[in-house]
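First comes the structure, then the notes that go with it.
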Amino acid sequence: MQKWSKEELQVLFNSIQDPRIDRHKDYPIGEIVFLALYGSLAGFDSWRAIEIMGNERLNFLRRFFEYKNGIPSHQTIGRVFSLLRPEVFESFFLEWNLLLYGSCEGKQIALDGKTLRRSHDKSKNQEALHLLNVCAVDDGILLTQKNVGAKTNEITVVPEVLKSLDIKNAMISVDALNTQKDIAAQIVDAQADYTLALKGNHKHLNTAAEKLFVPTQERLTIEKFEKEHGRLTVRKYDILDVDKYNLPQSIDWKGLLAIGRVQTTTTTAKSETSDSRYYLLSYNDLDRFAKSARN
């Protein structure tokens, strides 16, 4: 996390597009949004509670903003947020997170889509909410979260998200849905590396990768053991350099240097299950692969 100045904070918060007309601007937009975000992070979950908190902590809040007219009423806070367009606030929130987080250099950024259970409503013809999460996994920080509508829309949203981030020298990992040639090329062009999961959406490539890992091959392997709740999980990581083996599809993936495999065996008192997963890698460092795949 990098340090930021009071001036940087004010410039960012006051850059939010204000939806109010001029005669209704007794409180600057930056002061209102900063108050609401601070209150939310402090655990206050209503506009009235945030107003009360603001008056109690006014001296502290004035370390960041002037609050010349004091703290706005809860009606004013609620009205401003009802007028703010979601995409405007979303764009601001990402900028704020990046101001706090700083450069992604040397970090792993994971993009993963999730459909929220029970978020659909058949009576209103409302589909389930599908979100794209962008996480800085090394620090456990959610950089941004986008509602992408249908799951298939992720593929069009991911390139936009990557453009909004400074990913130079970062490690970008994506789930199988977003393992796309254009996305791989965009990551490489931004001077970043990738760990791309393979599954059924690239059936022929996944099958070809599986055939590369014949038992007689000599290669470096890392084993990781986890034991909890009466269950033992063993993960074996290994990689193969695509230049040394015949993988015709490799020419279609910009920057592809290796195929990674994770073999997972889970043993309990009653059963044992095994699973193998494959990844496209723009590097051939086994330790780096083990870390990025696990994350």
Just need a number here: residues in region 69-87 that are over 16 Å from Tyr27 (Cβ atoms) and either among the aromatic types (Phe, Trp, Tyr) or not in a helix (DSSP H, G or I) (or both). 1
Checked region 80-93 for anything buried (at least 17 other Cβ atoms within 10 Å of the Cβ) and not aliphatic (A, V, I, L, M); matches are Phe92
In region 22-32, residue most open to solvent (accessible area, probe 1.4 Å) [restricted to those that are more than 15 Å from Glu7 (Cα to Cα) and of a type in the set (Asp, Glu)]: Asp22
Name every residue in region 188-220 that is polar (S, T, N, Q), more than 28 Å from the chain's Cα centre (by Cα) and modelled with pLDDT of 85 or more, in order of residue number. Thr207
Selection within region 257-295 - open to solvent by 50 Å² or more (accessible area, probe 1.4 Å), among the small types (Gly, Ala, Ser) and outside any strand (DSSP E or B): Ala269, Ser271
Of everything in region 94-148 that's modelled with pLDDT of 75 or more and basic (Lys, Arg), which residue is most open to solvent (accessible area, probe 1.4 Å)? Lys114
Might you check whether a residue that is within 23 Å of the chain's Cα centre (by Cα) and part of a helix (DSSP H, G or I) occurs anywhere in region 13-27? yes
Count of residues meeting criterion [within 19 Å of Asp18 (Cβ to Cβ), open to solvent by less than 90 Å² (accessible area, probe 1.4 Å) and not in a helix (DSSP H, G or I)] in region 33-68: 3
Among the candidates Gln10, Gln17, single out the residue that is on the phi < 0 side of the Ramachandran plot, surrounded by 17 or more Cβ atoms within 10 Å (Cβ to Cβ) and among the polar types (S, T, N, Q). Gln10
Restricting the search to region 139-185, which residues are of a type in the set (D, E, K, R), more than 19 Å from Glu105 (Cβ to Cβ) and over 15 Å from the mean Cα position of the chain (by Cα)? Lys151, Lys181, Asp182
Does region 235-256 contain any residue that is open to solvent by 30 Å² or more (accessible area, probe 1.4 Å), part of a helix (DSSP H, G or I) and under 21 Å from Asp287 (Cβ atoms)? yes
Contacts under 7 angstrom Cβ, first residue in region 39-55 being under 16 Å from Tyr27 (Cα atoms), partner part of a loop (DSSP other than H, G, I, E, B) and open to solvent by 40 Å² or more (accessible area, probe 1.4 Å), 6 or more apart: Ile50/Phe44
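The values are calculated or read from the model by the stated rules, or taken from the named source; none is laboratory data. Note that the structure is a prediction, hence the values are computed from the model and not measured. Neighbour counts are summed over all protein chains in view; Cβ atoms, including those assigned to glycine, are modelled from backbone coordinates with ideal geometry. Side chains included, ligands, DNA and RNA excluded: accessible areas come from the protein's heavy atoms. Shrake-Rupley method; radii C 1.70, N 1.55, O 1.52, S 1.80 Å.
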